[in-house]
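The values are calculated or read from the model by the stated rules, or taken from the named source; none is laboratory data. As the structure is a computational prediction, the values presented were derived from the model and not from experiment. When we count neighbours, we look across all protein chains shown, and the Cβ atoms used for this are built from the backbone with ideal geometry, even at glycine. Accessible surface is based on the protein model in full, side chains and every heavy atom, while ligands, DNA and RNA are left aside. Shrake-Rupley method; radii C 1.70, N 1.55, O 1.52, S 1.80 Å.
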Amino acid sequence: MNIVHLVSNKVWGGGERYVLDLCLRCAEAGHSVAVITRGSRDVDEPFAAAGFTPGHLPLRGALDFFSPIVLARVLNRMSAPIVIHVHNFKDAYTAVRARDLMARRADARVVVTRHLVKAAKDSSMARQLYRSVDEMIFVSEAARQAFLSGHPSCDETKLHVVHNSIIPPGRLDRLPSEDGKVRLLYIGRISPEKGVDVLVDAMAKLSDLPVHLTVAGVGRGKDVLPLMRECRNSRIDDRVEWVGHIGDVYGAIAKADIGILPTRVPEAFGLSALEFISQGVPVVASASGGPLEIFTDGTDGFLVEPGNAAALAHAIRRLVTDAPLRDRMGRAACETFAARFGYEQFFKKITDIYEGAFTRKH
């Protein structure tokens, strides 16, 4: 099978990691894999380092008529079957038009993965796109339900939920705390919807405990600088470390005792949750979106009301002050990952959808 991924983001994130892992596993299984990007160095370099040399197109969405023409020429040189896998609906316009321009249209199928919790659009152009796409994958039931809330006029049998997965580096040796403090870790963008402000407020409520928070991520100055000022004003700046982007995510997780996912808005899924639990790190997460489909509250993590700093602080306090509870929940988290989110389970579901796209009646 020939599999072509279109990746139009200019920065590296969870969606790009999703594509890279899938490319690696598909290539290992003997499929021919190609990646087309917009030429961003941040995106191209990880793919190139893994052995994939990205092709480049503008990938500007519905009003971009150049990219489909060039892509169709590329696809015409490939043997069937061909899957064009895109990761947002903007790129789906390009993929559908390219498929329809092919000399052998029946050789190709368009598959979309929806990485957002967002309602379907109600425009005539969007409705036509939803009907034209062959299969849609949602990374959580929350994402699927949000899409359906927009009342798209499409065949619901082609809407699939496949929870995200990752390929972890195996179980890493945990690194002991050098100062005896319990170490909290946040990994992700620093932006209002991510709830880092709620986490800072929660840290101020934990000033009586031996805790240290590492914030690993980047954001705009107008989002980050007020949080740093709040840490100084709350006299917790010596307990909060802002490390920016980290290349070695698992190295940071090996030093963590508790993972924190404090988002204010529902996330479709979030790969950080899987990174934490794959290493047996219990998580405190907002009870909305994807985390509700990952964690069992009180078993492998705690789920708290989004935006509620007091609830977040209370859950963290429980884990900080009860080492046996942390250990027990960490073991349960690792079991959750192995039982429900292993990569081979994910890979089989994705490739079954690829194959099913060619047997579905059109």
Exercise for the section: Rank-order 308-319, 268-279 by packing density, defined as the average count of other C-beta atoms within 10 Å over each peptide's residues, highest first. Expected result: 268-279, 308-319
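Kindly flag which residue pairs out of Lys205/Lys255; Lys181/Lys348; Lys118/Lys255; Lys10/Lys181 have an alpha-carbon separation exceeding 31 Å in this structure. Each step should come with its number before you reach the end.
Working: Lys205/Lys255 23 Å; Lys181/Lys348 42 Å; Lys118/Lys255 35 Å; Lys10/Lys181 38 Å.
As for pairs spanning more than 31 Å Cα to Cα, those are Lys181/Lys348; Lys118/Lys255; Lys10/Lys181.
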Fill in the blank from the handout: Using alpha-carbon coordinates alone, the radius of gyration and Dmax of the stretch 78-237 in Å work out to 22.5, 69
Handout entry: Reachable aspartates and glutamates, given that their alpha-carbon falls under 20 Å from the alpha-carbon of Lys361 and they are not under 8 places away in the same chain
Key = Asp100, Asp107, Asp134, Glu135, Asp155, Glu156, Asp352
Practice task
Provide the convex hull volume over Cα atoms per residue for the stretch 241-361, in Å³.
Solution key: 137 Å³
Handout entry: About the Cα centre, charge dipole magnitude for the stretch 137-225 (Lys/Arg +1, Asp/Glu -1 at Cβ), debye
Key = 160 debye
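If Arg331, Arg109, Arg229 are ordered by their accessible area, calculated over protein heavy atoms with a 1.4 Å probe, which sequence runs from highest to lowest? Don't jump to the answer; show the numbers that get you there.
Values: Arg331 140, Arg109 30, Arg229 115 Å².
Largest accessible area first, the residues go Arg331, Arg229, Arg109.
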Handout entry: Per DSSP, loop trypsin sites (Lys or Arg not before Pro) in the stretch 163-192 with at most 12 further Cβ within 10 Å
Key = Arg171
Exercise for the section: Any chance you could check the Cα centroid distance between the stretch 1-40 and the stretch 58-135 for me, in angstrom? Expected result: 15 Å
Completion exercise
Cross-link reach from Lys222 to aspartates and glutamates, straight Cα distance under 16 Å and at least 8 residues apart if same chain, gives Glu193, Asp197, Glu230
Practice task
Please name whichever of Leu101, Gly61, Phe47 sits farthest to the positive end of the charge dipole of the stretch 17-104, dipole taken about the Cα centre and charges placed at Cβ: Lys and Arg +1, Asp and Glu -1.
Solution key: Leu101
Completion exercise
With every protein chain in place, the accessible area of Lys121 for a 1.4 Å probe, in Å² rounded to the nearest 10, comes to 130 Å²
Problem - Cα-centred dipole magnitude for the stretch 52-118, charges only on beta-carbon of K, R (+1) and D, E (-1), debye, nearest 20 - result: 80 debye
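Rounded to the nearest 500 deg cm²/dmol, what is the calculated helix-only ellipticity per residue at 222 nm for the chain, with -39500 (n - 2.57) per DSSP H run of length n ≥ 4?
Details: 14 runs with 151 residues, N = 362.
Value at 222 nm, helices only: -12500 deg cm²/dmol.
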Handout entry: Accessible-area order (highest first, 1.4 angstrom probe) of the listed residues Thr94, Thr359
Key = Thr359, Thr94
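Given a cut-off of under 8 Å on Cα pairs at least six residues apart, what relative contact order in percent is computed for the stretch 67-133?
On the way: 78 pairs, mean separation 24.7, N = 67.
Once normalised by length, the contact order is 37 percent.
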Handout entry: Heavy-atom accessible area ranking, 1.4 Å probe, most first, across Met78, Met329
Key = Met78, Met329
Handout entry: Kirkwood Rh, angstrom, the stretch 128-184 [1 / mean 1/r, Cα pairs]
Key = 15.0 Å
Practice task
Using every pair of alpha-carbon atoms in the chain, split the distances into 20 Å bins beginning at 0 and state the percent of pairs per bin, rounded to integers.
Solution key: 29, 54, 17, 0
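Could you give the dipole magnitude of the chain about its Cα centre, charging the beta-carbon of Lys and Arg +1 and that of Asp and Glu -1, in debye to the nearest 20? List each step's numbers first, then the result.
Values: 46 positive and 42 negative charges, 211 e Å.
Once rounded to the nearest 20, the dipole reads 1020 debye.
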